[in-house]
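A quick write-up on the structure given underneath.
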Amino acid sequence: MRPIRLPEPPSPTIGVPEIFEGGAYSVIRRAVIIGNGYPGSENQSIGLVRALGLYDKHVLYRVTRPRGGINEWLLWLPVSLHQKLDYLIQLIQIYSRGRNYVPLPLENGGGSVGLASVLEADVKQIVTMARQTFEKDGPLLVVASGRDTISVASSIRRLASENVFVIQIQHPRSQLNRFDLVITPRHDFYPLTPQAQEQVPQFLHRWITPREPPDRHVILTLGALHQIDSATLRSTAAAWHDEFAPLPKPLLVVNIGWPTSHCRYGADLAKQLTAYLLNILSSCGTVRISFSSRTPEKVSKIIVKEFADNSKVYIWDGQEPNPHMGHLAWADAFVVTADSVSLISEACSTGKPVYVMGPERCKWKLSDFHKSLRERGVVRPFTGSEDIAESWSYPPLNDTAEAASQVREALAERGWRVRP
């Protein structure tokens, strides 16, 4: 059996500067994560907190939007306005039907003390906690990710700037100075490049964000942050040993996402992927295929129809437990559709061969992302002519650990440090 190749643990942390040897209030011992309910966003915040050594010392809050019915057409609104509008619509429905008033279910913890407190409950609670516990527990680290968390995170910093250090993951579109740090992929600044400017009509340039180059409090990554590190892969390899160890090698894992505005595809890509997999099947011992919950049925049906009865191929049915972590630990190579920055970033953190399916279908900043990966040598296009038994490697992407290191430097400039 071929050995599992896992990235080596990062080098030991540099010693603590003398500035931190005293001062009880300069130490960060806890974190708050502001999430939006989407794993792709929340995993980035959790991954950063984990890399900082605060994995079991954080509290997760969520900013959730109303769902269902007309709400699906209102996702472009700021979340606070969307919540207010939804509340008013529900009130109108209650009174128009002549029903007695009953307090409506409320977002973010509930209660019946009024609309304003519901919409601002998380901000007020976190700000109060940060202020009242500062002398005892030190500063509070706040990490948020996703568009709907921007207003909450920026409000916390505005109201408790002396007690918190606020990090926003993913580009907040404007006013980066609302946060202590912004962590975002390089391709979010693609609109500023000459190539992008040529693609956008002149009269639209002022509407394209970002409008300014990154400054010193913006940390740029190649891919997305995540929770995958060497320690996680090693423990996961042990946890999934009984299921994966007996499988014939090499093991190829195929992760299929979903079309996006920057990477459109449908049944045509599914047929092409199926043909390519059939071509390389003889060089594989085992193939395991996973679909996203948002993979279009027209895509999954084509692939399932072709491989459902193939003894070499296993297709995950979407039921728990999710084998994704086991796949990352045990796979010898990956094929990933080009739409998912998160899936590709996680695969590239293993140092194992990663083949990308359909990068030529991507445009705008996602195309720039794939170009950067190819230039760094961490991915290759999937052509259907590969010999999966022939391995190749590269320095694993280490965006999360590198970002955590820069966070520590930023905290040091403020006279603070993280104590796990």
Checklist line | Sparse-neighbourhood loop sites, trypsin sites (Lys or Arg not before Pro) in region 142-238 - DSSP loop, at most 14 other Cβ within 10 angstrom | finding: Arg173, Arg211, Arg216
Check: Could you name the lysines in cross-link range of Lys312, using Cα to Cα under 25 Å and dropping any fewer than eight places away on the same chain?
Finding: Lys249, Lys271, Lys298, Lys301, Lys352
Check: Taking the Cα-to-Cβ direction at Gln195 and at Lys305 and moving 7 Å from each Cα, how far apart do the two end points lie in nm?
Finding: 3.6 nm
Item checked: Pair Lys124, Leu204: separation of 7 Å Cα→Cβ label points (nm) -> 4.3 nm
Margin query: At 25 °C and a viscosity of 0.890 mPa s, what translational diffusion coefficient does Stokes-Einstein give for region 220-310, taking Rh as the Kirkwood radius over Cα pairs? Give it in µm²/s as a whole number.
Written below: 158 µm²/s
Notebook entry, point to check: Residue-wise, which Karplus ³J(HN,Hα) couplings in Hz belong to region 210-223, taking 6.51 cos²θ - 1.76 cosθ + 1.60, θ = phi - 60°, and x for glycine or proline?
Noted result: x, 9, 10, x, x, 9, 5, 9, 10, 9, 9, 10, 7, x
Notebook entry, point to check: Where does each of 47-53, 28-34 land if you order them by average Cβ count within 10 Å, highest first?
Noted result: 47-53, 28-34
Item checked: Phi-based couplings in Hz for region 349-359 (Karplus 6.51, -1.76, 1.60; Gly and Pro marked x) -> 7, 8, x, 8, x, 10, 10, 9, 9, x, x
Next item on the list: Once you have the Cα-Cα distance between Arg380 and Gln319, take 0.36 nm times their residue separation minus that, and quote the gain in nm to one decimal.
Entry: 18.9 nm
Check: What ³J(HN,Hα) values, in whole Hz, does the Karplus curve 6.51 cos²θ - 1.76 cosθ + 1.60 give for region 371-384 when θ = phi - 60°, with x put for Gly and Pro?
Finding: 4, 5, 5, 5, 5, 7, x, 9, 9, 9, x, 8, 10, x
Item checked: trypsin sites (Lys or Arg not before Pro) within region 359-415: DSSP coil, no more than 16 neighbouring Cβ in 10 Å -> Lys363
Check: Long-range amide H contacts for His171: which residues qualify at under 5 Å (H placed 1.01 Å from N, peptide plane, sequence gap of 5 or more or a different chain)?
Finding: none
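Order by neighbour count: Cys348, Cys284, fewest other Cβ atoms within 10 Å first, most last.
Listing Cys348, Cys284 from fewest to most nearby Cβ atoms yields Cys284, Cys348.
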Checklist line | Those lysines that a straight Cα-Cα span of less than 24 Å connects to Lys57, excepting residues fewer than 8 apart in one chain | finding: Lys124, Lys136
Note to self: Taking the number of other C-beta atoms within 10 Å as the exposure measure, put Ser349, Ser342, Ser311 in order starting with the fewest.
What the structure shows: Ser311, Ser342, Ser349
Item checked: Per-pair calculated FRET efficiency, R0 = 60 Å: Leu247 and Thr133 via Cβ, rounded to 0.05 -> 0.75
Check: Any idea what Rg and Dmax come out to for region 230-396 if you just take the C-alpha atoms, in Å?
Finding: 14.9, 43
Notebook entry, point to check: Quick one: if you stick a label point 7 Å off each Cα along the C-beta vector at Asp215 and Arg414, how many nm between them?
Noted result: 1.6 nm
Notebook entry, point to check: In whole Å, what are the Cα extents of region 118-269 along the three principal axes, biggest one first?
Noted result: 57, 53, 33
Checklist line | Convex hull per residue volume in Å³, alpha carbons only, for region 139-220 | finding: 90 Å³
Check: Tally Lys/Arg at +1 and Asp/Glu at -1 over every other residue whose Cβ is under 11 Å from the Cβ of Pro381; what's the total?
Finding: 0
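Since every read-out is calculated from the coordinates, none of them should be taken as a lab result. Computed from a predicted model, the values in this text were never measured in an experiment. Here the Cβ is made from the backbone with ideal geometry for all residues, glycine too, and neighbour counts use every protein chain on show.
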